[in-house]
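Colleague: Quick one: this structure, given as structure tokens, is what I'll be asking you about.
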Amino acid sequence: MRKKICGKFSDHPKSNNMSYGKHFTFATSFALQFVVVGFVLMVHAVFPFWFKDDASQFVERANAVLNKH
């Protein structure tokens, strides 16, 4: 039973050649970046002349990084 539960935490990271800790750090870092981009988009909504391309550039970079894993 313990092995089955532990597998739930390690299968996905292993399939991406990462340890649980490395995957946790990677995913948390991405999550924080998305929060920042969300804030940038809210500012852009009010001031459309600010941050015109920042969100789309982030999405392109994020897509490239995620497609490697």
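Colleague: How many of the residues making up the range 27-42 are closer than 19 Å to LYS68 by Cβ, in contact (Cβ under 8 Å) with a residue 12 or more places away in the chain and open to solvent by less than 50 Å² (accessible area, probe 1.4 Å)?
Modeller: Number satisfying all stated conditions: 1.
Colleague: Take ASN63 and tell me if it is loosely packed, with under 11 Cβ neighbours inside 10 Å and not aliphatic (A, V, I, L, M).
Modeller: yes
Colleague: Taking the range 43-60 as the search range and keeping residues that are open to solvent by 70 Å² or more (accessible area, probe 1.4 Å) and within 15 Å of the chain's Cα centre (by Cα), which one is farthest from SER15 (Cα to Cα)? So that I can check it myself, show each step before the final result.
Modeller: Kept after step one, since they are open to solvent by 70 Å² or more (accessible area, probe 1.4 Å), are these residues of the range 43-60: 45-54, 57, 59-60.
Among the residues that remain, those that are also within 15 Å of the chain's Cα centre (by Cα) are: 57, 59-60.
On the way: GLN57: 27, VAL59: 23, GLU60: 23 Å.
It comes out as GLN57.
Colleague: Residues that are in contact with a Phe, Trp or Tyr (Cβ under 7 Å, 6 or more places away or on another chain), at least 3 per element: which helices (runs of 4 or more DSSP H) completely within the chain meet that?
Modeller: Passing ranges, in order: 2-15, 20-46.
The values are calculated or read from the model by the stated rules, or taken from the named source; none is laboratory data. For clarity, every value in this text was computed on a predicted model and none was experimentally measured. Methodologically, a virtual Cβ is constructed for each residue, glycine included, from the backbone with ideal geometry; neighbour enumeration extends over all protein chains shown. Note: accessible area is taken over every heavy atom of the protein model, side chains too, but ligands, DNA and RNA are not part of it. Shrake-Rupley method; radii C 1.70, N 1.55, O 1.52, S 1.80 Å.
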